[in-house]
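So the structure is just underneath, and the comments pick up after that.
The values are calculated or read from the model by the stated rules, or taken from the named source; none is laboratory data. Nothing here was measured: the structure is a model prediction, and the numbers come from that model. With ideal geometry, Cβ positions are generated from the backbone for all residues, glycine too; neighbour counts draw on all protein chains shown.
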Amino acid sequence: MRRNNPPDLLQDAYLAISELRGLVGKLCEAAAVIHGAGWAEANAGNVSLRISDLIQPFWLAAGYASQCTCSEWFLVSRSGSRYREMAKNPLEALMLIGIGTKQHFFPEAAKPTSEWDCHYKLHQLYAGRGLDCLLHTHPTEIIALSSTKEYQNQDTLNATLFSLLPELSIFLPAGIATAPFAEAGSSKLAETSRVCMNDKQVLIWEKHGLIALAEDPDKALDYTEVVNKAAKLYFLIYR
C-alpha cells in the first residue's frame, strides 16, 4: 500500500517550502500555549491541517507522482505525540498524509493520531471553505462543563455561555456544537462529530474536550480560548 514512499518527504518539504515552515512555526507556538495552559495532559489532543496547495506542487516537481497519486495532503499529529514535544521538535511529532485512491503515510512507519478518521470526516465536510486547521484540546473547564445539566440542552448551553461572555458572538456567531459521549478514537465518535458539527466551528465532546475548526492554528486557538473563558466564567458565577 505504501511501498517506496520517499523517506524524508516531510523534512524535504519543510526545508523547501517557506510557507510550510511558517505554518509549522505557528503550530509550535500554539502547541506551547496549549501545553502551558494544561489543555494537553500526556499525549492528549491532536491537530490536522489541510495543506494540499503547499505540498501538491512540490510533490509533482520532485517527480514523486509516478510512485503514488495523491490529490489531498494533510499535516497530522503522530499517534502518541505530545503537544509539549511538538512545540520543540515539530517534525518528530507530525507526519504527512497523502490521499488518492489510498492513504500514504510520510514517514512510512509513522501512524496518525487515533482520531484521524474523525479529523478527515470533518475536513471533508468543510472542504472548500478555507477552514483548513482542526485543533483538538482538553481544556479543563470545558470538560467539566460537559458534565453539567446545561450541557444536556445545546440551546440552553449556548444561551448561558453567550450571556456570560458577549464576545462569543463575535468569534463564533454560529454558536457552539455539542456531542454526547463516545469513546476516544472510535468510529462512533467520528460519525457523531460529523453529524453534530452542524455548520458550526467548535464542538464540545462530552467528558473529552473541544474540537475547533478554523483558517489556521492561531484562529483555532482563539476559539479554544474564548470558549474556555466562558466555561470558567460559568463556574465562577454559578458554582
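Has region 61-78 got any residue that is under 30 Å from ILE142 (Cβ atoms) and hydroxyl-bearing (Ser, Thr, Tyr)? Yes. The single condition among (1) of a type in the set (D, E, K, R); (2) under 19 Å from TYR238 (Cα atoms); (3) touching a residue at least 24 places away in the same chain (Cβ under 8 Å) that LYS149 does not meet is (3).
When restricted to residues that are surrounded by 21 or more Cβ atoms within 10 Å (Cβ to Cβ), under 14 Å from the mean Cα position of the chain (by Cα) and under 22 Å from GLY38 (Cβ atoms), region 189-239 contains 14. Reported count of residues in region 190-218, each being at negative phi, in contact with a strand residue (DSSP E or B) (Cβ under 7 Å, 6 or more places away or on another chain) and not polar (S, T, N, Q), is 16.
As a summary of the residue check, SER147 satisfies the conditions (1) in contact with a Cys (Cβ under 9 Å, 6 or more places away or on another chain); (2) hydroxyl-bearing (Ser, Thr, Tyr); (3) surrounded by fewer than 17 Cβ atoms within 10 Å (Cβ to Cβ) except for the one numbered (1).
Give region 76-114 a look and list any residue that's among the basic types (Lys, Arg), over 12 Å from LEU10 (Cβ atoms) and out of contact with any His (no Cβ under 6 Å at 6 or more places or on another chain), or say none.
Let us first name the residues in region 76-114 that are among the basic types (Lys, Arg), namely 78, 82, 84, 88, 102, 111.
Remaining after also requiring over 12 Å from LEU10 (Cβ atoms): 82, 84, 88, 102, 111.
Of everything in region 76-114, those that are among the basic types (Lys, Arg), over 12 Å from LEU10 (Cβ atoms) and out of contact with any His (no Cβ under 6 Å at 6 or more places or on another chain) turn out to be ARG82, LYS88, LYS102, LYS111.
Rundown of residues vs (1) touching a strand residue (DSSP E or B) at 6+ places or on another chain (Cβ under 9 Å); (2) outside the structural domain of ASN228 (by TED's automatic domain parsing); (3) under 29 Å from ILE143 (Cα atoms), yes/no style:
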position	(1), (2), (3)
GLU29	no, yes, yes
ALA32	no, yes, yes
GLY36	no, yes, yes
GLU41	no, yes, yes
ASP53	yes, yes, no
PRO57	no, yes, no
LEU94	yes, yes, yes
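Only helices (runs of 4 or more DSSP H) whose full extent lies in region 56-170 are considered here, and the ones with at least 2 residues that are under 19 Å from ASP199 (Cα atoms) and either out of contact with any Lys or Arg (no Cβ under 8 Å at 6 or more places or on another chain) or of a type in the set (A, V, I, L, M, F, W, C) (or both) are 116-125, 154-164.
Applying a threshold of 9 Å to beta carbon distances and a minimum spacing of six or more residues, or different chains, the list of pairs starting in region 99-112 at a residue that is crowded, with 17+ Cβ neighbours inside 10 Å and ending at one that is assigned to a loop (DSSP other than H, G, I, E, B) and at pLDDT 95 or above reads PHE105/LYS111; ALA110/SER79; PRO112/SER79.
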